[in-house]
2 protein chains.
Amino acid sequence: MTGGELIQEEARAWAYLSRVAEPPCADLADLVADVGPIEAADLVRRGDVEDGLLSLTAARREMDCADEDLDLLARCGGRLLTPGCAEWPHLAFGAFHGATGRPRAQTQPPMVLWAIGPERLVDVTERACAVVGTRAASAYGEHVASDFAAGLVERDVAVVSGGAYGIDGVAHRTTLACEGLTAAVLAGGIDVFYPKGHETMLRRIGEQGLLLTEYPPGVRPARHRFLARNRLVAACSGATVVVEAGLRSGAASTAAWAKALGRPVCAVPGPVTSAASAGCHVLLRDGANLVTRAADLVEYVGRMGEFESEPEHPTTPLDVLSDAERRAYEAFPARAARTVDQLAEAAGVPATQLLGPLATLELAGLVTRHQGRWQLARRTGADVR
Amino acid sequence: MTGGELIQEEARAWAYLSRVAEPPCADLADLVADVGPIEAADLVRRGDVEDGLLSLTAARREMDCADEDLDLLARCGGRLLTPGCAEWPHLAFGAFHGATGRPRAQTQPPMVLWAIGPERLVDVTERACAVVGTRAASAYGEHVASDFAAGLVERDVAVVSGGAYGIDGVAHRTTLACEGLTAAVLAGGIDVFYPKGHETMLRRIGEQGLLLTEYPPGVRPARHRFLARNRLVAACSGATVVVEAGLRSGAASTAAWAKALGRPVCAVPGPVTSAASAGCHVLLRDGANLVTRAADLVEYVGRMGEFESEPEHPTTPLDVLSDAERRAYEAFPARAARTVDQLAEAAGVPATQLLGPLATLELAGLVTRHQGRWQLARRTGADVR
């Protein structure tokens, strides 16, 4: 298969396989890789598989609602994504594989994804940043999430998140408002809008961006599904930034997935007095990259030639002085004029060593000379600390 | 000399030497180490020294106000500290020396110190933390500085700082208020209270703690003296914490000295929206240790057996569940009862694999069984993300 729409029989097989075992299921994925989806579905349905997989599929193998699922997906305007599709991101999911070339158990790639939205997955993953954080976001966290999302849009980076309350929602909404590209990865069926209060936002993402999930229709979110979902948020993104996280936030799990996948993990510092930043500070201690603005993220997200320069520090004329010149400058009183000998005494250096530095200071307009006496030029006071 | 008061002739020599070259002056310190202070002072006064030192002392060698300086010091109730004094901290200043045993030019130890206050320098340096930061502190920074200083006092750690406005002042004042030990290192003469608005505070430190300076009486602070002073703040402390710092704050220089001296540098994160934390974030990126509370500092300050344990994360009964138990738990609807087969279908595992986990959950009081049907026990909702 070279991409485009799946033929109906294959689509039915994928839909059946998506539901028959709780994803991610390495044994099932291996079988599909070996024999293809249609035969794999047939074998599983007949119970003609190894004991391990037989056990993992026992509870649901006789349940076949592939037609209903595909009908529902079609009514939503959605599509199934599989490794054969043109929009399947080979590179992004390739990183799920360990050094041996075999997927590591914990970083199993998705077998099939349910998707709704005008954007192609491969376009999202080509240049994306996961922006995640606590549902219990503070005003500070929301401000930063919004600022980062807007900055990522400006820099043509897609914003991937989990659709949750708090940081996730702010990141999605700001991206939509800025007409950027955003993808939400769900922890339940594509038709199950969770949290309920985000239904409108999630529908908008499905209309303007991309909604994604490993789970077939109707599946409701559960704790282990949030954790598995977080792995996809990390996998779809070149880097992950945790904007705010409590000590037990799910955002830490997304960060852990990103680390396991070899992707950069970034965290935003915050007040040490804020519980909503405590998880970020733990991540930073554990080696996460400290980021303070969207521009910092770009170098982690990747794509050549996009490294941004360091912030420019403010400079004053004093910054370019040598030590000798600075010491001469510091020997001046605020207003009064001084002879070279007086300056030498104040500076603690011989008068002969002051002449060069004084000439430089005069050229720089920092001091003036009048009838053999020197004094500071009129300017705003330098910070002497 | 074994400690105690300096004999008058030697005191006069030290006072003369303290003023004759701008400290720190390695050449002068070497001469004193070779021939002792009295002969060194005599040689310098006569100009009978090598060219380098002759040049460095040319401007002030004929100026001798040692008697006036010592009178002033005595009237203030102060004392001279030199390497022979019992309260001279051998260990702390020993770290100024590089691997060769020779002082590195940039980390030259002090030759002589002018001191006022009831506390002994060696008692300060035995267990001290430098708490430094920007003069333009925010309310957040002042809060943290005060919190850290109070926490250090509780843990019997002296608070060393530079007596400046902002973070330094809050650290000193809180330490005084908590009846802890604080030392201020000045960038000018012991009689020059700078900044003027801190005169009352500095006098209190001289009455209850320790005021220290390398500079003889009357010397006014200047930029290079603030930088040299910062090296003593770092040297007197087992660790340095920068609470808040702008991109050009002098606190960064104290941190750099601490690093050069091989002492741990700590920094407090803050809002990325606050310019007063920008310097801390740069330090953290450059490898400074992220600290969020005074207890974190204790392990860096040193003294054996004082390492404090990691913060305890809040736990819930769900935290101790195995993956299988957690998956079984997540298969339950919020309120309704379910048969084992229904739960198996929801969890995607065979019913036979659910029995063990269900029994564990029942023992843990998380689920209840009634007439062959299972349901969640009544409890506050678990966080499912």
Chain B: calculated mean residue ellipticity at 222 nm from DSSP helix runs of at least 4, using -39500 (n - 2.57): -13000 deg cm²/dmol
Of A:212, A:247, A:81, the one that fluctuates the most in a GNM where chain A has Cα springs shorter than 10 Å: A:247
Distance in nm between pseudo-label sites at residue A:42 and residue A:322 (7 Å out along the Cβ direction from Cα): 8.7 nm
Calculated diffusion of segment A:162-253, Stokes-Einstein form, Kirkwood radius summed over Cα pairs, 25 °C and 0.890 mPa s, µm²/s: 185 µm²/s
Net charge of neighbours whose Cβ lies under 13 Å from the Cβ of residue A:209, counting Lys and Arg as +1 and Asp and Glu as -1: 0
Between 0 and 90°, nearest 10: helix A:167-177 axis offset from chain A longest Cα axis: 90 degrees
Area accessible to solvent at residue A:140, 1.4 Å probe radius, in Å²: 40 Å²
Across the identical copies, how the residue B:118 labels are spaced - nm, sorted shortest first, 7 Å along Cα→Cβ: 7.7
Protection-proxy order for peptides A:226-239, B:347-360, A:168-181, each taking the mean of Cβ atoms within 10 Å per residue, highest first: A:226-239, A:168-181, B:347-360
Computed magnitude of the charge dipole of segment B:66-301 (debye, nearest 20; Cβ of K, R +1, Cβ of D, E -1): 740 debye
For the B-to-A rotation axis, chain B residue with nearest beta carbon and its distance in angstrom: B:269, 2
Accessible area of the protein assembly as shown belonging to carbon and sulfur atoms, whole % at 1.4 Å probe: 51 percent
Karplus-derived HN-Hα couplings along segment B:143-155 (A = 6.51, B = -1.76, C = 1.60, θ = phi - 60°), whole Hz, x at Gly and Pro: 4, 5, 4, 5, 4, 5, 4, 4, x, 5, 4, 3, 9
Interface size A-B, as summed buried accessible area [1.4 Å probe, Å², nearest 100]: 5400 Å²
Accessible surface, per residue, of the protein assembly as shown when the full set of protein chains is kept, probe 1.4 Å, Å²: 43 Å²
For residue B:77, label point 7 Å along C-beta direction: distances to other copies, nm: 8.2
Value of Rg/Rh across segment B:317-376 [Cα atoms, Kirkwood radius]: 0.91
Relative contact order computed over segment A:3-83 (Cα-Cα under 8 Å; 6+ residues apart), in percent: 39 percent
On Cα atoms only, tilt of A:66-75 relative to the major axis of chain A in degrees: 50 degrees
Cα gyration tensor shape for the protein assembly as shown, rounded if a/c is under 1.5, else prolate or oblate: prolate
Exposure rank, largest accessible area first [A:119, B:87; 1.4 Å]: A:119, B:87
Label-to-label distance, nm, for residues given as residue B:55 and residue A:54 (7 Å Cα→Cβ offset): 9.2 nm
Area of residue B:322 that stays accessible when all protein chains are in place (1.4 Å probe, Å², to 10): 50 Å²
5 angstrom amide H check on residue A:182, placed H, neighbours 5+ away: A:159, A:210
Computed Kirkwood radius, in angstrom, where 1/r is averaged over Cα pairs of chain A: 24.0 Å
Positive-pole candidate from A:265, A:141, B:253, dipole of the protein assembly as shown, charges at beta carbon: A:141
Inter-copy separations for residue A:293, label at 7 Å along Cα-Cβ, nm, ascending: 3.3
Spatial separation of Cα centroids for segment A:135-160 and segment A:170-244, in angstrom: 15 Å
Helix axis angle, B:199-208 relative to chain B longest principal axis, alpha carbon, degrees: 90 degrees
Highest-MSF residue in chain A out of A:365, A:52, A:36 [GNM, Cα springs under 10 Å]: A:365
For residue B:156, solvent-accessible area (1.4 Å; no DNA, RNA or ligand), Å²: 100 Å²
Estimated vicinal HN-Hα couplings, Hz - segment A:182-195 in sequence order (Karplus 6.51, -1.76, 1.60; Gly, Pro = x): 10, 10, 10, 9, 8, 9, x, x, 4, 9, 9, 7, 9, x
Distant-in-sequence amide H partners of residue B:374 (H built 1.01 Å from N, under 5 Å): B:338, B:339
Dipole magnitude of the protein assembly as shown about its Cα centre (Cβ charges: Lys, Arg +1; Asp, Glu -1), debye to nearest 20: 1340 debye
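The values are calculated or read from the model by the stated rules, or taken from the named source; none is laboratory data. Please read all numbers here as calculations on a predicted model, not as lab measurements. Methodologically, a virtual Cβ is constructed for each residue, glycine included, from the backbone with ideal geometry; neighbour enumeration extends over all protein chains shown. These accessible areas exclude ligands, DNA and RNA; they are computed on the full protein's heavy atoms, side chains included. Shrake-Rupley method; radii C 1.70, N 1.55, O 1.52, S 1.80 Å.
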